[in-house]
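So the structure is just underneath, and the comments pick up after that.
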Amino acid sequence: MIDPGAASIAKAVDHRLAVRRSSPVLRDAPLDEHLALHGYVVLGSLLDDERVAGLARIYQEEVLPAWEGREPDRWLSTLMVDDASLSLRISDLVEELVWPVLSPAFLEGSVDYVLGDLSIKPPGPDTELGAHQDYSLVDEDEFRSLYFWSPLTQASVANGALHVVPGSHLYGRAVRSVTVRTHFMEVEGEIEALTVPLRLAAGEVVVTDGALVHHSPPNLTATTRLATHGSLASAGAPLTLFHRPEPDGDVELYEVSEHEYPSLIISLSKPGGRRLRTVPSDPDGLSPEELAGGLARYRSLVSARAG
Ligand SMILES: O=C(O)CCC(=O)C(=O)O
């Protein structure tokens, strides 16, 4: 007999895959299928040395002076600093350098650039970024939230390369934001065992699904590992943010503008835009049953394609 819990997890996985397959984003169909099924795809070395150097210069010339030359002692994204105008300026500079070479990989009119940032991992044992999913930028029942990431130096396990859990976007949480956090406490060991390191060269770009579980280990080398990172959303889809005023209360979906985003992702305050609806909140954490059921379904989909 089929366990009803496992059957509904399998159904959810199939539904999420169908949403992704029905709205292709990449020009190259096999790469698009890789992104839909596995939740990530490496697009190759899109950023040449000049662009990589230009991005590193943004850190030296815009970010460090704003911090009076002091590097953070933990992992930090320029979107998370307490200065929304700096975050937005960096986002524009990242867009200028990255989007002209990244956008040709996408089908025309499929996605919009939302925000970009520099992801800073200074040396140190406390610079790990634990397992997480990125925020839902749009209603993922209908639209797609995507992210890109590219190291500005060779990424290795030692300096904190991005690690991904293939297929986890199909069974991870769909409702994610600063006030609706996801965690993997009950399945930490299993998640760790499933992660795959992406040892990308400087300028190589990976595109990830916003729901993909990923992490980056501490930088145990002597030099800061910089990366550029950013978000993309289905073209024309309203940008949204989930907001939960009380820890276990209802979750409300608000329309937001990209200009509001940087301040909203560091504050717990209610977005100023239109309230779209109240949404049933997923529990915060992924349970062992969901992980086992989701993984089993993902693996069967992968072998069906290979067979
Ligand atoms: O750059 C990193 O180490 C990880 C970035 C990341 O996971 C994120 O910004 O969501």
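Taken together, the values in this text are just the output of simple stated rules run on the coordinates, not laboratory data. Not measured: the values here are computed from a predicted model. Heads up, the Cβs are rebuilt from the backbone with ideal geometry, glycines too, and the neighbour counts pull from every protein chain shown.
Going by what's in this entry, would ALA66 be described as among the small types (Gly, Ala, Ser), closer than 17 Å to THR223 by Cα and more than 19 Å from the chain's Cα centre (by Cα)?
For ALA66, the condition - among the small types (Gly, Ala, Ser), closer than 17 Å to THR223 by Cα and more than 19 Å from the chain's Cα centre (by Cα) - is not met.
Somewhere in the stretch 247-258, is a residue of a type outside the set (Ser, Thr, Tyr) and closer than 28 Å to LEU46 by Cβ?
Scanning the stretch 247-258 turns up at least one residue that is of a type outside the set (Ser, Thr, Tyr) and closer than 28 Å to LEU46 by Cβ.
Residues are listed down the side, and each one gets a yes or a no for (1) without any contact (Cβ under 8 Å) to a residue 24 or more places away in the chain; (2) more than 16 Å from the chain's Cα centre (by Cα); (3) closer than 20 Å to VAL165 by Cα:
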{"residue": "LEU198", "(1), (2), (3)": "no, no, yes"}
{"residue": "GLU252", "(1), (2), (3)": "no, yes, no"}
{"residue": "SER257", "(1), (2), (3)": "yes, yes, no"}
{"residue": "LEU295", "(1), (2), (3)": "no, yes, yes"}
{"residue": "ALA304", "(1), (2), (3)": "yes, yes, yes"}
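What are the residue pairs meeting all of these: first residue in the stretch 131-143, first residue within 15 Å of GLY39 (Cβ to Cβ), second residue more than 16 Å from the ligand (Cβ to nearest atom) and in a loop (DSSP other than H, G, I, E, B), Cβ atoms under 8 Å, and 6 or more apart or on different chains?
Close Cβ pairs satisfying both conditions: SER136/ALA174; SER136/VAL175; GLU140/ALA174.
Enumerate the pairs (first residue in the stretch 41-57 and on the phi > 0 side of the Ramachandran plot; second residue anywhere and charged (D, E, K, R)) with beta-carbon separation below 8 Å, excluding pairs fewer than 6 apart on the same chain, so at least 6 apart or on different chains.
Close Cβ pairs satisfying both conditions: GLY44/GLU204.
Checking the condition farther than 19 Å from ARG20 by Cβ, more than 19 Å from the chain's Cα centre (by Cα) and surrounded by fewer than 13 Cβ atoms within 10 Å (Cβ to Cβ), which residue from ARG244, ARG277 passes?
On inspection, the qualifying residue turns out to be ARG277.
Going through VAL63, VAL111, VAL25, VAL94 one at a time, which residue ends up being within 13 Å of the ligand (Cβ to nearest atom) and touching a strand residue (DSSP E or B) at 6+ places or on another chain (Cβ under 7 Å)?
From the options VAL63, VAL111, VAL25, VAL94, the qualifying one is VAL94.
In the stretch 149-193, how many are within 16 Å of the ligand (Cβ to nearest atom) and of a type in the set (Phe, Trp, Tyr)?
Qualifying residue count for the region: 2.
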